[in-house]
Structure formats: C-alpha cells, structure tokens
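A quick write-up on the structure given underneath.
The values are calculated or read from the model by the stated rules, or taken from the named source; none is laboratory data. Small disclaimer: the values here were computed from a predicted structure and weren't measured. All Cβ positions, glycine included, derive from the backbone under ideal geometry; neighbour counts span all protein chains shown.
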Amino acid sequence: MSSAKREGTFEEFPAYVVRDFQPEDVAELKALTHTALGEDYPRSLFLDIHGWWPEGFIVTSWRDEVIAFIAGLVSSPGKARILMLAVREDLRSRGIGTALMKEFTRRCRLRGLRSIELEVRNSNPRAMEFYKRLGYTVRYLLPRFYTDGEDGYKLWRPLPKE
C-alpha cells in the first residue's frame, strides 16, 4: 500500500512533497534522468517500470516541479531492486535522496520484502558512500554493466523485520 503524499521540509527550502509517480511526470523524469544520470531512456521505460510495481515508483516535487525520484520493482520473491535514483544536481546533499530511500524501504517492508539490491557505477564514489551510509554493502563487480561499457557494483542490504 502506498501513501498518496507525505510532506516534509528540507534544510534550505520550504515544503516538498514525496508522492507516487504519475504518467504526467514522464517528461520531467526524462529530463532529470538525462542531466542527473547521463541516460536518455524512452518514455515507455518509465511507464513500464510503473506498471511492474506502482508503489516502487516515488517522486519528490517542490513548487510543482519534479526534483527527484526513485524507481524500483520486485525482482524476485522477497527482493526489491532499485533501478534508478536521481536528484537534481543543485539539490543534492540536502536529504532528498535519503528521504526517497527511506520511503522506498518503508514500502518494501510493507510488502514483506526481505532485501533490496541496486547497481552503482564504478566512477561514482559519492553514490557508493551514500548507499553505504544507508546500510548497503558491495556484493560483487559487474564488468561492463552500463551501456557505455563502464563497470558497476551490485549493492545489497537486508530488510530485517522491525
């Protein structure tokens, strides 16, 4: 079960909203994915991900503008996989990504999932540190994982029952 909206306040700007993805968000998500992740995914990918697990696609907006999102799915029994996490570059290190990860984790627990996995680029030590702070550990190297040939790492964390 997902929540329609959760409001909060980041340190340096007023109220933001963490909410479920809506198909109307796709244009903003495509632009954010391009600038924040260097990827140019087709519109259909966002809609497909939403169809696989709607509760796993969460958006953060501020002043009616999408500033961040997380998209994940249930990859196998008991396991979620985060496919994308993007935060607008000028708003990073302000708790937005952490808020999205906490909400995604909450939804995974509600679904009864036992672990979460994701991939991160070898060239992104900032992301590696972010995920390690949230309890993720490196499982193994993924040679030439990304479309540009860059290696990645598989990260994982358990979801113990609370």
Taking segment 60-97 only, how many residues are farther than 22 Å from Gly38 by Cα and among the charged types (D, E, K, R)? 3
Please enumerate the residues belonging to segment 12-36 that are crowded, with 16+ Cβ neighbours inside 10 Å, part of a helix (DSSP H, G or I) and touching a residue at least 40 places away in the same chain (Cβ under 8 Å). Asp25, Leu29, Leu32, Thr33, Ala36
So which residues in segment 58-77 are in a loop (DSSP other than H, G, I, E, B) and either at pLDDT 95 or above or over 26 Å from Lys161 (Cα atoms) (or both), if there are any at all? Arg63, Asp64
Somewhere in segment 98-105, is a residue part of a strand (DSSP E or B), hydroxyl-bearing (Ser, Thr, Tyr), crowded, with 17+ Cβ neighbours inside 10 Å and without any contact (Cβ under 8 Å) to a residue 60 or more places away in the chain? no
Subset of segment 37-46 (residues that are surrounded by 14 or more Cβ atoms within 10 Å (Cβ to Cβ), out of contact with any strand residue (DSSP E or B) (no Cβ under 8 Å at 6 or more places or on another chain) and modelled with pLDDT of 95 or more): Leu45
Test: residue in segment 119-126 that is among the small types (Gly, Ala, Ser) and without any contact (Cβ under 8 Å) to a residue 24 or more places away in the chain: no
Qualifying residue in segment 131-153 (condition: buried (at least 17 other Cβ atoms within 10 Å of the Cβ), more than 21 Å from Pro54 (Cβ to Cβ) and of a type in the set (Gly, Ala, Ser)): yes
Give me the pairs, please: first residue somewhere in segment 136-162 and more than 22 Å from Met101 (Cα to Cα) and without any contact (Cβ under 8 Å) to a residue 40 or more places away in the chain, second residue anywhere and surrounded by 14 or more Cβ atoms within 10 Å (Cβ to Cβ) and among the aliphatic types (A, V, I, L, M), beta-carbon distance under 9 Å, and either six or more positions apart or on two chains. Asp151/Leu142
